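Below is one structure, written out as structure tokens, with a few remarks after it.
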Amino acid sequence: MWGRRRRRYVKDYETSLFRPRRRESRAKTFFKWVLLVGLVAAGVFWFQETPQLTDRVLQHLPVPHTLVSLQVEINGKRERLPAGAERTVHPQDRLKVVRVETDGWIRWGLKLAAGEQPWPEGPDASLTLKELLPAEEFESPVTVPLRVRWFDRELGSVCFTAKLGAKDWLQKAASAGSPDEKARYLEQALAEDPGNALARTQLASLYAEQGRLAEAEKLYGEILQMGRSRPVLERLVDVYKKQKKHDAVLKTYLELLRLTDDPAVFESLLTYLNKNLSPKNALVFLEKNLQEVPARYRGPWHLVRAELASRQKRWGEAASAYESALKAGVQDPNIHYNLSVVKAKTGDLRSAAADLEKYLQANPTDEANRMKLAALYERLGERDKARTIYQQVIEKNPKQKTALVRLVALLDKAGDRKEQLKAYEMLSALEPGNAVVHFNRALLSYELEQWEKAEEAFEKAAKLEPANPEPLRYLLALYQKRKDAEGQVRILRRLIELDKDNLSLYDTLFVLYDQAKNYDAIVEIFEKAAQQHPQVAAFHQYVLYGALKKGDQKKALRSLEKLSRLLPKEVKYLRQAARIHESLGQYEEALEKTKRILDVSPGDEEAKQDYLRLKLLLLGSKKTGFFYCNERSLVV
């Protein structure tokens, strides 16, 4: 049967529905075809005009049920697109539908529509999406479904998405009215054609003009990967200068020098070096990049190094000179300080620390260099010595915040929580407005089970950072430990303000209010929550609970109505609403709710009995004399 095995049919078919057993004349064959097609056409039109006809009957007829594919020409190039396919085109691409392939062989009644607009008919009919949507600028991709219908039946569709190309975006950028608009168009051009050097160069220049230096730097770097050029390197130098990336400026100058071999570039490099780098850093740069300099410039390069070395001394030469001075009997303790600096620069930290200790023996009040000595021991991994020095500094100057911060870090690594808490208490006294300090102090108190200190510190942290939920969560845990219901409620309400989507907070708050029998608060809180989250059934259930506990049946009815709409298959809400209406003497409303129960659950025996009883109640209320009534208890 046709309904069991479906075949694909295109516009042209060659085989008959019935295979003749013997050869007949052409006139008889033609007559049979005409008769058959006429009968099928009459049946199809009758089916379309007969609303009672079901899809099951149509499945047995050779009419189109599903789109198989569309054969289209895009700018004259033919393609076959299966049903449901999506094809990206340019807004000016000309589209022509060549053939519609369905699973039925009847052709009449097939119609094409682009979105809600009919597709032009005719063998040569064609259209562009720009012609279809003349007001559309296509700055964002626009998808238009080409839908195929058979009479009023949707068979399927093929979607065409119109997107502008890189050339279009470049043209828009050329005529843009503002730099931001131009940048946006150039970004779109690059997105369509990442290899477009023109768009990349224009966008990098525009970024540089707008002060978007990091983005300009990135783009110029990508351009240079495609090929080195003097203009691009010079623009990159300007970008690095604006960002004060001195090392990058100098390296780019070197690259430019290798590319151009221009003496003016070499002079610019040296001018920038002397102006922006310290003599030490300048020497380091010159030594490090000696091999990068073209051969003809290495002589001047060494002259510059020699000048800097003679003015500031090289570190090795400086160390040797300082040691020679000491051997000669110079008693100036500052030599030990300078030796410490020089040896620290060379990486000999142990010798640097020893020299700095000798300096401090002569200058015991020099707090800044005592801090440097502690830092040296930290770098050497000798944490106990560093800790002792920091404690000595703090003992003499309790307001030394840097020493306290470093001491805290060392105590943390050592795992000494009690001493760390003492340091944090001193630090919090120096920085009463530092929320992080109070929070860390609170955590330490919490870990040491010093609950009162932890609560006080968490309260300060929460006050300083009211938008941070972490201190509040710890406070909630503390109040739960000591079963402080009022404190828990206060913290929960603050947490809910910060995290309105956390349903567990609402659940905990409900339990606390229910235990306190504060049904007014339950109704107030959860009515507000239900307004913010109308689709959360639990909030309406809480409001219903509170309203019933308060005896506010009107509010309970409103909550039941919302719940019955949110959960239409839960007839218990409709049943409960019907009973409240009945208890209020609102029999018609009760009857309406009962009818809704039967609509959802036609076999509900209890609802059937309620329906008959309510009908009798309505009749009894309209007539004097006998009426029938059974009381029902309300479910809370």
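The values are calculated or read from the model by the stated rules, or taken from the named source; none is laboratory data. Computed from a predicted model, the values in this text were never measured in an experiment. Reconstructed Cβ throughout: ideal geometry from the backbone, glycine too, with neighbour counts over all protein chains shown. The area values use the complete protein model at the heavy-atom level, side chains included, leaving out ligands, DNA and RNA. Shrake-Rupley method; radii C 1.70, N 1.55, O 1.52, S 1.80 Å.
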R0 of 22 Å, Cβ-Cβ distance K550-R493: FRET efficiency to nearest 0.05
0.65
Using modelled backbone amide H atoms (1.01 Å from N, in-plane), which distant-in-sequence or interchain residues come within less than 5 Å of V89's amide H?
T161, A162, K163
Round to a whole number: what % of the accessible area of region 429-570 belongs to carbon and sulfur, probe 1.4 Å?
50
So, in nm, how far is label R473 from label Q171 when the simple model puts each one 7 Å beyond its Cα toward the Cβ?
5.6
Anisotropy class of region 61-163 from Cα gyration tensor, a/c 1.5 cut
prolate
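When a/c is below 1.5 the answer is rounded, else prolate if a/b is larger than b/c, else oblate, so apply that to region 483-527 with a ≥ b ≥ c taken from the square roots of the Cα gyration tensor eigenvalues.
Cα axes put region 483-527 in the oblate bin.
Once fully extended, how much extra length lies between E486 and E357, figured as 0.36 nm per residue of separation less the alpha-carbon to alpha-carbon distance?
On the way: separation 129, 0.36 × 129 = 46.44 nm, distance 5.82 nm.
So the extension gain works out to 40.6 nm.
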Relative contact order of region 569-618, please, whole-number percent, based on alpha carbon pairs below 8 angstrom and at least 6 residues apart.
35
Fully extended, how many nm does the chain gain between D520 and E570 (0.36 nm per residue separation, minus their Cα-Cα distance)?
15.4 nm
If the limit is 24 Å between Cα atoms, which of K358/K422; K399/K460; K358/K413; K327/K372; K481/K550; K130/K218 go over it?
K358/K422; K358/K413; K327/K372; K481/K550; K130/K218
Tell me, what HN-Hα J-couplings in whole Hz come from the Karplus equation 6.51 cos²θ - 1.76 cosθ + 1.60 at θ = phi - 60° for each residue of region 343-357, using x for Gly and Pro?
5, 5, 5, 7, x, 8, 6, 5, 5, 4, 5, 5, 5, 5, 5
Per-residue HN-Hα couplings for region 110-122, Karplus 6.51 cos²θ - 1.76 cosθ + 1.60 at θ = phi - 60°, whole Hz, x for Gly and Pro?
6, 9, 10, 9, 9, x, 9, 9, x, 7, x, 9, x
How long is the gain from E137 to E592 if the chain were fully straight, where each residue apart is worth 0.36 nm and the alpha carbon distance is subtracted?
158.5 nm
Nitroxide proxy distance, nm - points 7 Å out along Cα→Cβ at T161 and T365:
7.6
Separation of alpha-carbon centers, region 228-294 and region 337-402, rounded to whole Å:
37
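Return one whole number: the accessible area per residue of region 61-163 in Å², for a 1.4 Å probe.
Values: 4940 Å² over 103 residues.
Value returned for region 61-163: 48 Å² of accessible area per residue.
Solvent-accessible area per residue for region 544-591 at a 1.4 Å probe radius, Å²? Don't jump to the answer; show the numbers that get you there.
Details: 2390 Å² over 48 residues.
For region 544-591, the per-residue accessible area is 50 Å².
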Cα gyration tensor category, rounded, prolate or oblate, for region 569-618 with a/c compared to 1.5:
oblate
Label model pair Q535, D180: point-to-point distance (7 angstrom along the Cα→beta-carbon line) in nm is 3.3
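Based on the Cβ-Cβ distance from N289 to E419, what FRET efficiency comes out when R0 is 51 Å, to the nearest 0.05? Numbers along the way, then the final one.
Details: r = 48 Å, r/R0 = 0.95.
Taking R0 as 51 Å, the efficiency between N289 and E419 is 0.60.
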Applying 1/(1 + (r/R0)^6) with R0 = 35 Å to the Cβ-Cβ distance of R258 and Q210, what FRET efficiency is obtained, to the nearest 0.05?
0.70
